[in-house]
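The values are calculated or read from the model by the stated rules, or taken from the named source; none is laboratory data. Because the structure is a prediction, the values reported are computed rather than measured. Backbone-built Cβ (ideal geometry, glycine too); neighbour counts: all protein chains shown. Heads up: the accessible areas ignore ligands, DNA and RNA and are worked out on the full protein's heavy atoms, side chains in. Shrake-Rupley method; radii C 1.70, N 1.55, O 1.52, S 1.80 Å.
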Number of protein chains: 4
Amino acid sequence: MYEELKKTVCQSNIELQKQNLIIYSWGNVSGIDRRAGVVAIKPSGVSYDDLTPEMIVLLDLDGNIVEGTLKPSSDTPTHLELYRNFETIGGICHTHSICATAWAQACIEIPCFGTTHADYFYGPVPVTDIMKKDEIENDYELNTGKAIVRRFAGIDPMQIPAVLVANHGPFSWGRSAESAVEAMVVLEEIATMALSTIMISQQQGQIGKTLLDKHYLRKHGRNAYYGQK
Amino acid sequence: MYEELKKTVCQSNIELQKQNLIIYSWGNVSGIDRRAGVVAIKPSGVSYDDLTPEMIVLLDLDGNIVEGTLKPSSDTPTHLELYRNFETIGGICHTHSICATAWAQACIEIPCFGTTHADYFYGPVPVTDIMKKDEIENDYELNTGKAIVRRFAGIDPMQIPAVLVANHGPFSWGRSAESAVEAMVVLEEIATMALSTIMISQQQGQIGKTLLDKHYLRKHGRNAYYGQK
Amino acid sequence: MYEELKKTVCQSNIELQKQNLIIYSWGNVSGIDRRAGVVAIKPSGVSYDDLTPEMIVLLDLDGNIVEGTLKPSSDTPTHLELYRNFETIGGICHTHSICATAWAQACIEIPCFGTTHADYFYGPVPVTDIMKKDEIENDYELNTGKAIVRRFAGIDPMQIPAVLVANHGPFSWGRSAESAVEAMVVLEEIATMALSTIMISQQQGQIGKTLLDKHYLRKHGRNAYYGQK
Amino acid sequence: MYEELKKTVCQSNIELQKQNLIIYSWGNVSGIDRRAGVVAIKPSGVSYDDLTPEMIVLLDLDGNIVEGTLKPSSDTPTHLELYRNFETIGGICHTHSICATAWAQACIEIPCFGTTHADYFYGPVPVTDIMKKDEIENDYELNTGKAIVRRFAGIDPMQIPAVLVANHGPFSWGRSAESAVEAMVVLEEIATMALSTIMISQQQGQIGKTLLDKHYLRKHGRNAYYGQK
């Protein structure tokens with residue numbers, strides 16, 4: 001059971017390495033079977049070279065182990081909090097990819113400087129508040145999830161499928177584990193472009209609402225006309 | 001029919017991936033058979049890993065499908081407008097390559113800082129005007145083409161084979177699909193060099209007209225003496 | 001004898017090349033057998049392509065050759081000084097990796113801007129004092145080691161497993177040759193992130209003590225809960 | 001005859017591509033047989049993928065073709081001027097590698113910020129004067145060589161084996177074609193480090209004379225003790 005989910009989550013984790021988004025055992029990807037309420041996630045501290053579908057850990061949404069002999073990622077409570085609150089997402093990804101992490105370390109949201117950004121993110125990529133002493137010392141990973149959820153009050157997580165956790169790094173998500181990884185790849189790309197953009201033009205403003213709408217909506221939603229569907 | 005054109009356009013699209021100019025299905029290359037008035041272009045949203053010559057879409061210059069079962073690139077109206085107005089070009093390329101896109105996002109033309117630039121572009125790489133609300137909301141891709149054509153009033157597109165669309169990214173062109181891709185590779189290289197140059201010397205001026213003439217004209221035109229011809 | 005040590009040190013040196021941390025014969029890795037008091041180190045000026053375990057030089061802690069026909073790395077006296085003073089370390093690595101070297105050249109410590117840094121280094125990565133004329137002219141490599149040891153007065157080298165030698169470049173260390181190389185890979189990664197961070201936010205401050213503790217201590221020490229142990 | 005020279009020069013040209021210093025047919029390497037007074041150089045505009053030893057062109061020091069059916073590199077007069085004036089050099093290399101070219105475009109010499117630089121270059125890497133109108137319009141490539149030679153008045157070219165031609169890019173040289181390429185690889189590396197260094201510390205000063213002497217002279221000259229010789 002859940003063989004397909006474990007295989008997908010395993011391959012999505014390995015994809016992080018192929019896309020040069022992680023080194024060593026950094027980062028993790030999970031996926032959820034919404035009907036069963038079962039989350040599949042990378043085991044903690046395991047090298048991507050050694051990862052097999054059998055090693056993927058299954059948990060319920062309360063964090064109880066359903067299957068697996070290894071410890072799940074230490075970031076599991078963050079993933080579960082996101083699944084509990086963002087009901088439309090099916091996969092989550094976390095990395096320390098260089099440019100997205102630099103924006104997170106600077107505690108500055110990534111402005112929407114162009115259509116590359118607008119094709120995937122319907123506005124700036126937000127940064128969470130800096131976590132308080134108590135939030136860090138107790139249930140840190142759960143509180144990381146809560147900080148993300150708080151930051152997304154009034155934002156549809158499917159329209160902005162990533163966040164920068166202040167002083168830390170990016171999380172991304174999507175309909176599936178694969179699309180969470182795709183959002184992370186794109187996030188690193190636009191983070192790099194945005195850094196280069198401000199080096200060329202320090203006070204660069206964001207693109208207008210009309211261009212943002214045009215590009216986001218030609219790829220997403222009812223009137224999308226990009227691709228073969 | 002048009003087998004050679006479809007094969008060339010397919011290979012030129014795949015070349016974008018090999019040259020690390022695109023990720024996923026971003027970007028597109030087209031080519032034209034001027035005698036037949038037939039344009040070959042990448043289908044929309046198809047991965048470069050899956051692309052075959054059979055999938056390339058053929059259209060006439062008015063945008064009517066001549067051959068192909070897939071939807072052409074959503075940027076097709078931009079390509080067609082350029083083919084209708086730049087009569088000497090035989091291929092067009094569009095990407096979101098990182099440094100050229102950063103200059104486009106900053107809405108700043110790429111100054112001619114050196115001979116590497118002058119070997120391929122006979123002056124700065126221009127940036128279009130920011131598009132107006134109405135131009136974006138109606139016939140956006142056609143209007144993108146018109147903005148480029150407007151910007152090239154008085155410029156020979158064969159002497160400046162690329163443009164930055166403001167807030168968006170680069171288009172390049174050439175005698176063929178292959179040379180359009182070559183112009184894009186070089187554009188990304190000089191965009192990267194130009195960014196590094198202004199980081200070293202913030203108020204750097206452009207090279208003089210004599211050096212620009214020397215380098216451009218030793219490679220292009222009647223008195224060229226570079227290469228084996 | 002010492003076959004395992006020589007093999008490990010050889011492979012760790014070759015790993016520097018695979019990780020793109022060195023070019024040509026730059027850099028070196030050593031390891032120590034603490035019970036025997038024997039250090040294994042790369043021979044001087046040998047290309048990584050040619051390196052075999054048989055070429056690794058063995059010395060005692062006073063620098064006397066125990067085994068080997070080649071000259072040891074010219075940086076050997078630096079390594080020996082570190083082994084004599086940092087009694088818990090089992091391997092040392094030196095490179096001229098680009099971003100870590102840039103911080104060393106700027107004579108500025110790498111601030112702890114985020115959790116990626118805090119996962120491996122329990123505070124900023126220190127920079128040594130600029131060496132004096134006499135220290136450079138006589139026993140330069142030994143004095144380099146002494147400058148590092150001096151800078152680590154009051155710092156546990158296992159908690160900050162790397163240093164920037166002013167005007168020169170990084171040294172890193174760990175329980176073994178392999179972990180010294182891992183520390184170097186991570187150092188280059190956080191040096192790159194830190195550079196990008198200050199380009200986004202010039203006056204960026206370091207992360208708070210609570211977050212530093214949380215991340216360092218969830219991976220290291222008695223209460224660590226990262227990984228499978 | 002000259003088979004070995006042609007083979008070496010061919011391989012050194014191909015090495016430029018492997019080292020990611022050039023794209024397309026950019027750049028060129030030459031070598032000289034000093035006893036015969038014969039220079040071997042890359043043919044103009046030929047792709048590195050197609051290059052074979054048979055295609056290498058042989059000339060005497062006055063530019064007369066000794067052997068070969070292809071046109072020599074358009075930069076040949078620059079190479080010949082350097083061979084005529086720098087009598088100790090045996091090979092020359094020219095590229096448009098990104099960071100070295102950025103410094104050349106900025107018309108700023110590369111300061112000696114650290115030991116990586118000092119290991120290969122006994123001081124800053126100089127930049128030529130900007131060439132005058134007449135120098136560009138007549139015998140441009142010869143005058144490029146003359147501008148380099150002028151800039152090296154009082155400098156031993158074997159101690160500073162590279163130059164930045166203002167608004168253009170780097171030339172490097174050495175005892176052989178291979179060592180000219182090595183100097184170019186190192187130049188690009190230190191140009192990148194120097195750019196990163198000034199981004200961290202804008203007013204960074206150069207290293208002191210004692211450290212420069214120490215590093216340069218431990219690798220070069222009579223008292224060198226680096227390597228196995």
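State all residues of the range D:215-229 that are in a helix (DSSP H, G or I) and open to solvent by 40 Å² or more (accessible area, probe 1.4 Å); if no residue qualifies, say none. Break it down into steps so the answer makes sense when it comes.
Filtering the range D:215-229 for residues in a helix (DSSP H, G or I) gives D:215-219.
Of everything in the range D:215-229, those that are in a helix (DSSP H, G or I) and open to solvent by 40 Å² or more (accessible area, probe 1.4 Å) turn out to be D:Leu217, D:Lys219.
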Among the listed residues C:Gly114, C:Gly174, identify the single one that is under 29 Å from C:Gln203 (Cα atoms) and more than 10 Å from chain D (Cβ to nearest Cβ).
C:Gly114
Out of (1) modelled with pLDDT under 95; (2) at the interface with another protein chain (Cβ under 7 Å from one of its Cβ atoms), what's the single condition that is false for D:Ala224?
(2)
Looking at (1) at negative phi; (2) open to solvent by less than 20 Å² (accessible area, probe 1.4 Å), which is the one condition that is false for A:Gly123?
(1)
Filter the range C:207-225 down to the residues that are in contact with a His (Cβ under 9 Å, 6 or more places away or on another chain) and not hydrophobic (A, V, I, L, M, F, W, C) and list them by number.
C:His215
Within the range B:80-102, does at least one residue satisfy the condition of being out of contact with any strand residue (DSSP E or B) (no Cβ under 9 Å at 6 or more places or on another chain) and either of a type in the set (Phe, Trp, Tyr) or modelled with pLDDT under 95 (or both)?
no
Going through the range A:42-66 in order, the residues found to be under 10 Å from A:Lys6 (Cβ atoms), away from every other protein chain (no Cβ under 14 Å) and not in a loop (DSSP other than H, G, I, E, B) are A:Pro53, A:Glu54, A:Leu58
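Do the conditions hold for B:Ile108, that is, is it open to solvent by 10 Å² or more (accessible area, probe 1.4 Å) and among the hydrophobic types (A, V, I, L, M, F, W, C)?
Details: open to solvent by 10 Å² or more (accessible area, probe 1.4 Å): yes; among the hydrophobic types (A, V, I, L, M, F, W, C): yes.
The answer is yes for B:Ile108.
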For the range B:86-111, what are the residues that are closer than 20 Å to A:Ile200 by Cβ and not in a loop (DSSP other than H, G, I, E, B)?
B:Ile98, B:Cys99, B:Ala100, B:Thr101, B:Ala102, B:Trp103, B:Ala104, B:Gln105, B:Ala106, B:Ile110
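Which of the following residues is within 8 Å of another protein chain (Cβ to nearest Cβ), in a helix (DSSP H, G or I) and in contact with a Cys (Cβ under 8 Å, 6 or more places away or on another chain): B:Thr197, B:Thr210, B:Thr192? Steps first, answer last, please.
Details: B:Thr197 fails: in contact with a Cys (Cβ under 8 Å, 6 or more places away or on another chain); B:Thr210 fails: in contact with a Cys (Cβ under 8 Å, 6 or more places away or on another chain).
None of the other options fit; the residue is B:Thr192.
Quick one: in the range B:6-31, which of the residues that are among the aliphatic types (A, V, I, L, M) and outside any helix (DSSP H, G or I) is farthest from the other protein chains (Cβ to nearest Cβ)? Quick ask: steps written out before the conclusion?
Taking the range B:6-31 first, the residues among the aliphatic types (A, V, I, L, M) are B:9, B:14, B:16, B:21-23, B:29.
From what is left, the residues that are outside any helix (DSSP H, G or I) are B:21-23, B:29.
Working: B:Leu21: 12, B:Ile22: 10, B:Ile23: 6, B:Val29: 17 Å.
Among them, the one singled out is B:Val29.
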The range C:152-190, subset of a type in the set (S, T, N, Q) and open to solvent by 20 Å² or more (accessible area, probe 1.4 Å), residue farthest from the chain's Cα centre (by Cα):
C:Gln159
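Taking A:Thr210 as the residue in question, decide whether it is closer than 24 Å to C:Gly114 by Cβ and polar (S, T, N, Q). Before the answer, list the steps.
Values: closer than 24 Å to C:Gly114 by Cβ: no; polar (S, T, N, Q): yes.
Answer is no for this residue.
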Looking at the range B:50-77 only, could you name the residues that are without any contact (Cβ under 8 Å) to a residue 12 or more places away in the chain and closer than 26 Å to B:Val185 by Cβ?
B:Asp50
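Any residue at all in the range C:167-178 that is in contact with a helix residue (DSSP H, G or I) (Cβ under 8 Å, 6 or more places away or on another chain) and farther than 21 Å from C:Gln17 by Cα? Talk me through it step by step, then tell me what you get.
So the first thing to find is which residues in the range C:167-178 are in contact with a helix residue (DSSP H, G or I) (Cβ under 8 Å, 6 or more places away or on another chain), and the list is C:167-174, C:176-178.
Add one more test, that the residue is farther than 21 Å from C:Gln17 by Cα, and what stays is C:167.
Within the range C:167-178, one or more residues are in contact with a helix residue (DSSP H, G or I) (Cβ under 8 Å, 6 or more places away or on another chain) and farther than 21 Å from C:Gln17 by Cα.
Which is buried (at least 20 other Cβ atoms within 10 Å of the Cβ) and within 18 Å of A:His96 (Cβ to Cβ), of C:Met193, C:Met199?
On the way: C:Met199 fails: buried (at least 20 other Cβ atoms within 10 Å of the Cβ).
The unique qualifying residue is C:Met193.
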Has the range A:128-151 got any residue that is away from chain C (no Cβ under 14 Å), touching a residue at least 40 places away in the same chain (Cβ under 8 Å), open to solvent by 30 Å² or more (accessible area, probe 1.4 Å) and over 30 Å from B:Ser97 (Cβ atoms)?
yes
D:Leu82 meets each of (1) part of a helix (DSSP H, G or I); (2) surrounded by fewer than 22 Cβ atoms within 10 Å (Cβ to Cβ); (3) touching a Phe, Trp or Tyr at 6+ places or on another chain (Cβ under 8 Å) with one exception, condition (2)
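May I ask you to list the residues in the range B:60-79 that are crowded, with 18+ Cβ neighbours inside 10 Å and closer than 10 Å to B:Val39 by Cβ? Give the derivation first.
Taking the range B:60-79 as the starting set, the residues that turn out to be crowded, with 18+ Cβ neighbours inside 10 Å are B:71-79.
Of everything in the range B:60-79, those that are crowded, with 18+ Cβ neighbours inside 10 Å and closer than 10 Å to B:Val39 by Cβ turn out to be B:Pro72, B:Thr76, B:His79.
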Considering only residues that are among the hydroxyl-bearing types (Ser, Thr, Tyr) and under 19 Å from C:Leu80 (Cα atoms), look in the range C:29-59 and name the one that is surrounded by the fewest Cβ atoms within 10 Å (Cβ to Cβ).
C:Ser44
When restricted to C:Gly154, C:Gly205, the only residue on the phi > 0 side of the Ramachandran plot and either assigned to a loop (DSSP other than H, G, I, E, B) or among the polar types (S, T, N, Q) (or both) is C:Gly154
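So which of D:Ser172, D:Ser179 is in contact with a strand residue (DSSP E or B) (Cβ under 9 Å, 6 or more places away or on another chain), of a type in the set (Ser, Thr, Tyr) and part of a helix (DSSP H, G or I)?
Values: D:Ser172 fails: part of a helix (DSSP H, G or I).
Unique residue meeting the criteria: D:Ser179.
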Scanning the range D:42-61 residue by residue, the ones that are in contact with a Cys (Cβ under 8 Å, 6 or more places away or on another chain) and hydroxyl-bearing (Ser, Thr, Tyr) total 1
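If I filter the range C:85-97 down to residues being closer than 18 Å to C:Thr128 by Cα and in contact with a Ser or Thr (Cβ under 9 Å, 6 or more places away or on another chain), which single residue comes out as surrounded by the fewest Cβ atoms within 10 Å (Cβ to Cβ)?
The initial filter retains those residues of the range C:85-97 that are closer than 18 Å to C:Thr128 by Cα, namely C:85-86, C:92-97.
After this cut, where a residue has to be in contact with a Ser or Thr (Cβ under 9 Å, 6 or more places away or on another chain) as well, the list is C:92-96.
Working: C:Ile92: 30, C:Cys93: 34, C:His94: 27, C:Thr95: 26, C:His96: 24.
Going through the qualifying residues, I end up with C:His96.
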Could you list, in sequence order, the residues of the range B:4-28 that are surrounded by fewer than 22 Cβ atoms within 10 Å (Cβ to Cβ) and small (Gly, Ala, Ser)?
B:Ser25
